[in-house]
1. Using the basic label-point model (7 angstrom from Cα toward the beta carbon), what is the Asn51 to Asn115 distance in nanometres?
2. Compute the distance from the alpha-carbon center of the range 62-84 to that of the range 85-106, in whole Å.
3. With Rg and the Kirkwood Rh both taken from Cα atoms, where does Rg over Rh land for the range 57-112?
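Only the coordinates and a few stated rules stand behind these numbers; no lab work does. From a predicted model like this one, the values you see are computed outputs, not experimental measurements. Neighbour counts are summed over all protein chains in view; Cβ atoms, including those assigned to glycine, are modelled from backbone coordinates with ideal geometry.
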Amino acid sequence: MRQILPSLVMIACFAAEIGAFQARGASGGKTGGACSLLPKELVMKVSGSVNKHVFDLPHEEEVVGKGTACSAADIMLQIDVFTPEAIDGIAKKAPTEWTSLAGIGDAAYFRNNKNNYAEILGRVGARTFTIQLGVPFQSSVEKVKPNAVTLAKEIAAKLR
């Protein structure tokens, strides 16, 4: 009995925490988590995935710091995980890696992340976003860059 009672208390606490998490949503209580910005149509438009079945899988959202991250097909989108100052700082620390992109939010930067991802950092006012768009087998970052830029423009417009 001494072992059962503490176990029941732990289970009850854990169940209450899960219920609270589900009640406020995976976005940690925020409205408009990262996955809310990635409708299936947009993912299908910019994704380089050749396996069309991945579009039927549910997006996976998780709380990351004060923001949220969403995985959808070959896209990872993070919203408000970094401060605007951090976004600019990351790009300034490695100016040979990051190139500035015009016409996306208040600032946006692009890089080739090891030939595996087209990566974009951006900010719109106090809101920030990061995008990693996977590079399909036998393709290149340069080939998927236009899709990453299209996605960044759509996300920045939604954050305004």
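1. If labels sit at Asn51 and Asn115, their model points lie 2.2 nm apart.
2. Between the Cα centres of the range 62-84 and the range 85-106 lies a distance of 18 Å.
3. A ratio of 1.02.
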